[in-house]
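Peer 1: Below you will find the structure I want to go over with you.
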Amino acid sequence: MLKSQIKFLEQQNPVTFEIEKIKQEYQLVWRKYLKAYHDLLDAETKPKIDLSKPENLEIIFGALQFWEGTRLQNLAFTIMPNHVHWVVKLFDKDSGGILVYLQDILQSVKRHSSNKINKGEKRSGKLWQKESFDTTIRNEKHLFNAINYTLNNPVKAGLVANWRDWKGTWCGSSEQGCSDF
């Protein structure tokens, strides 16, 4: 926008203009925070529990795919050594007609996988963070970008040169566009 247009809008409705300014600042700070958080995750090379170990991959793959077709449709996921990226389409209702909620799915996946991984690692305690960073997909471009980010996370972290080489990566059928990445 031109400076004159901005000044005009600000004079017409200063409260709305100020709110929009604050929203833009918030979005900028939020993006910086998420980037820093993901950079921190990628920089950690020796986690206490390596989620990408073959036996842990098997457990997490099973947990992420458990509700496939009944409560959700998996689009893509990547299991990193210390975190997971998951692009999923939730159904409105499960196969029995009960409403599906993301927090219930996440609780199920985390509870199941942490119990099995802790048992296999001969340990107890917390495995997953309480918080998850979920995002609502707004359109096809956003979906493409989310899948691209998810699949290429091991590449960005310097673990492999091509996402297909990472054993912890899964992507749905070619109809979902996985061949495009």
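Peer 1: Answer with yes or no whether Pro81 is surrounded by 15 or more Cβ atoms within 10 Å (Cβ to Cβ) and part of a loop (DSSP other than H, G, I, E, B). Show your work before the answer.
Peer 2: Working: surrounded by 15 or more Cβ atoms within 10 Å (Cβ to Cβ): yes; part of a loop (DSSP other than H, G, I, E, B): yes.
Criteria met by Pro81.
Peer 1: Out of the stretch 62-109, which residues are closer than 14 Å to Ser132 by Cα and touching a residue at least 60 places away in the same chain (Cβ under 8 Å)?
Peer 2: His85, Trp86, Val87
Peer 1: Could you tell me whether any residue of the stretch 110-121 is part of a loop (DSSP other than H, G, I, E, B) and of a type in the set (Ser, Thr, Tyr)?
Peer 2: Narrowing the stretch 110-121 to residues part of a loop (DSSP other than H, G, I, E, B): 121.
The next check asks that each one be of a type in the set (Ser, Thr, Tyr); those that pass are none.
Looking for residues that are part of a loop (DSSP other than H, G, I, E, B) and of a type in the set (Ser, Thr, Tyr), one finds none in the stretch 110-121, hence no.
Peer 1: Determine whether the stretch 119-135 contains at least one residue that is β-branched (Val, Ile, Thr) and touching a helix residue (DSSP H, G or I) at 6+ places or on another chain (Cβ under 6 Å).
Peer 2: From the stretch 119-135, those β-branched (Val, Ile, Thr) are 135; that's our starting set.
From what is left, the residues that are touching a helix residue (DSSP H, G or I) at 6+ places or on another chain (Cβ under 6 Å) are none.
Checked the stretch 119-135: no residue is β-branched (Val, Ile, Thr) and touching a helix residue (DSSP H, G or I) at 6+ places or on another chain (Cβ under 6 Å).
Peer 1: Then there's this: Go through the stretch 149-158 residue by residue and tally those that are crowded, with 18+ Cβ neighbours inside 10 Å and more than 14 Å from the chain's Cα centre (by Cα). Walk me through it before giving the result.
Peer 2: Initial filter on the stretch 149-158 (crowded, with 18+ Cβ neighbours inside 10 Å): 150-154, 157.
Pick out the ones that are also more than 14 Å from the chain's Cα centre (by Cα) and you get 157.
So the count comes out to 1.
Peer 1: For the stretch 122-154, what are the residues that are in a loop (DSSP other than H, G, I, E, B) and of a type in the set (A, V, I, L, M, F, W, C)? Spell out the reasoning first.
Peer 2: First, pick out the residues of the stretch 122-154 that are in a loop (DSSP other than H, G, I, E, B): 122-139.
Those that are in a loop (DSSP other than H, G, I, E, B) and of a type in the set (A, V, I, L, M, F, W, C): Leu127, Trp128, Phe133, Ile137.
Peer 1: Among (1) in contact (Cβ under 8 Å) with a residue 24 or more places away in the chain; (2) in contact with a helix residue (DSSP H, G or I) (Cβ under 6 Å, 6 or more places away or on another chain); (3) not basic (Lys, Arg), which single condition is Val155 missing?
Peer 2: Result: Val155 fails condition (1) only.
Since every read-out is calculated from the coordinates, none of them should be taken as a lab result. Only a predicted model underlies this, so the values are computations on that prediction, with no experimental measurement involved. Reconstructed Cβ throughout: ideal geometry from the backbone, glycine too, with neighbour counts over all protein chains shown.
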